[in-house]
Amino acid sequence: MNAFRSKTVKLLAGTAMTAAVLTCAALPAQAAQAAPAPNAGASAEVSAGADVSLDPVAIGNAIKDAVNNEDDRSGALRAALDVGYYNEANPDRLTVAVVNKDQDINVEGDIANAENIDIKDGNYVIYWFKGPGKITNNGDGGWLNWGAQGDVNRVDEHTMSINGG
């Protein structure tokens, strides 16, 4: 197991209990709030539809803990993807994507939720897909700007297909 995976596994184990406690605390009111609209370059369509089990507030708190333990922003983005996907607050294992809001990245499809997150002084949005979607990066690629985990197919260097979207 590499150092990144080892750190992530330890963080996931530690955050599982935190997520359970936070979920039972005063977070239900926050979780019921609408997802904040992404700004600048990142844009998305959030759709309503089938019910899914997802607690973005608990996952957001776990992500903050995980990214603060990484030395670089690209490693922190990967940690955010791992926590967003594997955290017990995402029991349906919805596909997750993290994109830099300061880049020209378009996110569309059947999105369960979107949350603004800060990763190493960078402005990002984390998306959870409950169905098909697509991410198109019209700017710089690389782990500093975007990534996805789950049912993802890389179409080309600028496009990822989500859940067959």
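Any read-out appearing in this document is the output of simple, stated calculations on the displayed coordinates, not a laboratory observation. No experiment lies behind these values; they were computed from the predicted model shown. When we count neighbours, we look across all protein chains shown, and the Cβ atoms used for this are built from the backbone with ideal geometry, even at glycine.
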### Query
For the range 69-108, what does the alpha-carbon gyration tensor say about shape, rounded, prolate or oblate, given a ≥ b ≥ c as the root eigenvalues, a/c under 1.5 as rounded, and a/b over b/c as prolate?
oblate
### Query
Loop-only check: which chymotrypsin sites (Phe, Trp or Tyr not before Pro) in the range 82-161 are DSSP coil with at most 15 other Cβ within 10 angstrom?
Trp143
### Ranked Arg154, Arg73, Arg78, criterion: other C-beta atoms within 10 Å, fewest first
Arg154, Arg73, Arg78
### Query
Where does each of Ser53, Ser74 land when they are ranked from fewest to most other beta-carbon atoms within 10 angstrom?
Ser53, Ser74
#### Entry: Distant-in-sequence amide H partners of Asn113 (H built 1.01 Å from N, under 5 Å)
Trp128
### Query
Per residue Cα convex hull volume for the range 61-139, in cubic angstrom?
79 Å³
## Note on the structure
Per-residue Cβ contact counts at 10 Å, fewest first, order Val57, Val96, Val52 as Val52, Val57, Val96
